[in-house]
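What follows is a single structure, written as structure tokens, with notes after it.
All of the numbers you see were taken from the coordinates with simple rules; none came from a lab. Values in this document were obtained by computation on a predicted structure and should not be read as measured data. Here the Cβ positions follow ideal geometry from the backbone for every residue, glycine too, while neighbour counts run over all protein chains shown.
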Ligand code: OOG
Ligand code: MG
């Protein structure tokens, strides 16, 4: 893809986000494969970093059967997490600052060691992880009707918008995080339940897959990185006034409000 076209696409995505105005699929006007889609994602995130933002980790997406069904895609994707995306636990977010936000309950891995390789195991991931934390991701596709192809969603940084981490840092050593029950409530009403096992059988497997995808590009996960392993259940659309709470066995709760 030539630099002129890449720049045009980056400006289109940036404008959609800034103006809170959904756009038609990029694939309806440009031709690009999955690898080029990651190139678009990289160029967009590089643009933001040049403007002062900072890479603080990665997210995996479309890692649970519920999410794959909901979005009608069959392969996990990753996106980049920037400092500007991290909101405070309990923060009030303006609903009007999003296009059509949806929330997902996830497990976040806080890495204590670099993680690099094409064939890492769950055990390798857990050994490199300092802490596990409850998380809510707020996704906000830049595409009309929150619908996309795999290449389109990759280019759109996997719909990343904001994320929130709980206060409780849990060490990985004793209990198996895959079995920690999770309840997602909106305004006190139970909306979804599940366990992190919904994420590729074990969320550490999702992190291992991410390390592999990055290794193929000559990138690596680093000590200090935050990794969101992927939504445990389908994502739920939120409205102004909504209080969103995810509570996990052992990991505790995390909350965000929309005003
Ligand atoms: C893509 C991002 C999916 C997850 O946790 O599965 C994601 C989307 O569904 O818009 O973040
Ligand atoms: Mg997610």
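What does the C-alpha gyration tensor say about the overall shape of segment 1-93? Classify as rounded when a/c is under 1.5, otherwise prolate if a/b is larger than b/c, or oblate.
Values: a/c = 1.58, a/b = 1.08, b/c = 1.47.
Oblate.
Using a Gaussian network model of the chain in which every pair of alpha carbons under 10 angstrom is joined by a spring, one finds that among 53, 225, 156 the greatest mean-square fluctuation is at 53.
Only bridges whose two residues both fall in the chain count here: according to DSSP, what percent of them are antiparallel, nearest 5?
Numbers: 44 of 52 bridges.
For the chain, the DSSP antiparallel bridge percentage is about 85.
What FRET efficiency comes out for residue 83 versus residue 22 if R0 is 22 angstrom and r is the Cβ-Cβ distance? Round to the nearest 0.05. Each step should come with its number before you reach the end.
Details: r = 25 Å, r/R0 = 1.13.
That gives a FRET efficiency of 0.30.
Note on segment 120-169: the C-alpha convex hull projects to 5.0 nm² when averaged across all orientations. Relative contact order of the chain, taken over Cα pairs closer than 8 Å and 6 or more residues apart, is 28 percent.
When 173, 15 are sorted by how many other C-beta atoms sit within 10 angstrom of their C-beta, beginning with the fewest, the order is 173, 15. In plain terms, the residue of 18, 48, 59 with the fewest other Cβ atoms within 10 Å comes first and the most crowded comes last, giving 18, 48, 59. Roughly how far apart, in whole Å, are the Cα centres of segment 157-206 and segment 46-103? Each part's Cα centre sits 15 Å from the other's. Cα centroid separation, segment 139-154 to segment 223-238: 16 Å.
Based on the Cα coordinates of segment 3-258, what is the per residue volume of their convex hull in Å³? Display every interim value, and only then the final one.
Working: hull volume 28.8 nm³, N = 256.
So the per-residue Cα hull volume is 113 Å³.
Of the residues 79, 61, 218, the one that moves most in a GNM of the chain with alpha-carbon contacts below 10 Å is 218.
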